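Just below is one structure, and these are the notes that go with it.
The values are calculated or read from the model by the stated rules, or taken from the named source; none is laboratory data. All values reported here derive from a predicted model rather than from experimental measurement. Please note: Cβ atoms are built from the backbone with ideal geometry, for glycine as well, and neighbour counts cover all protein chains shown. Heavy atoms of the whole protein, side chains included, go into the accessibility calculation; ligands, DNA and RNA do not. Shrake-Rupley method; radii C 1.70, N 1.55, O 1.52, S 1.80 Å.
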Amino acid sequence: MKIAIGNDHAAPELKLAVKAHLEEQGHEVIDMGCAPGERCDYPDAAEAVCGKVTSGECALGILICGTGLGMSYAANKVRGIRAACCSDYFSARLSREHNDANVLCFGARVVGEGTAFDLVDIFVNTPFSGDERHQRRIDKITAIEEKQ
Ligand code: RB5
């Protein structure tokens with residue numbers, strides 16, 4: 001799978017660790033974040049990663065800041081993005097199964113490396129259920145977006 005990843009200055013080390021973890025599993029990872037020692041603003045990384053997802057170049061996106069919150073606020077402003085800010089495995093799984101989330105956000109000041117690896121593994125390997133009731137609700141989210 002081709003996955004876009006981004007981060008701000010709160011998370012370059014965790015971003016690099018997650019990137020390597022995904023590459024070890026054979027995924028291609030496009031890095032849109034800043035490097036250790038650099039400073040960057042989370043909305044810029046969020047917009048860059050979301051653009052890779054909405055263009056179809058990448059199937060999924062991963063965004064890491066201090067809390068994951070700022071990244072999720074910015075990502076959810078992008079038409080077609082459903083970004084899930086998760087620090088527990090149940091939410092990460094359901095964000096895919098029920099909500100067909102296409103971006104995962106989490107915080108480098110919230111979760112450690114081991115939890116981050118498990119969150120991304122669950123997110124990347126869980127398919128959308130395709131259930132009609134979930135699709136209907138997702139379509140309603142899209143309808144809200146279209147009304148704005
Ligand atoms: C940056 O200090 C911090 O505000 C950012 O990484 C993030 O946690 C925002 O939501």
Rounded to the nearest Å, the spacing of the alpha-carbon centers of the stretch 56-134 and the stretch 11-29 is 15 Å
In Å², what does the accessible area per residue of the stretch 1-99 work out to with a 1.4 Å probe? 46 Å²
Can you check what the net charge comes to around VAL111, using other residues whose Cβ is under 12 Å from the Cβ of VAL111 (Lys, Arg +1; Asp, Glu -1)? -2
Relative contact order of the chain, please, whole-number percent, based on alpha carbon pairs below 8 angstrom and at least 6 residues apart. 23 percent
Return the carbon/sulfur percentage of the accessible area of the chain, one whole number, probe 1.4 Å, all protein chains in place. 49 percent
Given Cβ point charges of +1 (Lys, Arg) and -1 (Asp, Glu) and nothing else, what value in debye, to the nearest 20, does the dipole of the stretch 34-148 about its Cα centre take? 340 debye
Packing-wise, with mean Cβ within 10 Å as the measure, how do 80-86, 36-42, 22-28 rank, highest first? 80-86, 36-42, 22-28
Additional length obtainable on full extension of the chain from LYS77 to ARG109, 0.36 nm per residue less Cα span: 9.2 nm
Which residues does the label zone of ALA59 cover in the stretch 129-148, counting backbone N under 18 Å from a point 7 Å along Cα→Cβ? 129-131
Under 15 Å between C-alpha atoms is the cut-off here; go through the chain and count lysine pairs that meet it, provided they're at least eight residues apart or on different chains. 4
Work out how much length PHE90 to GLU145 would gain on full extension: take 0.36 nm times their residue separation and subtract the Cα-Cα distance, in nm to one decimal. 17.2 nm
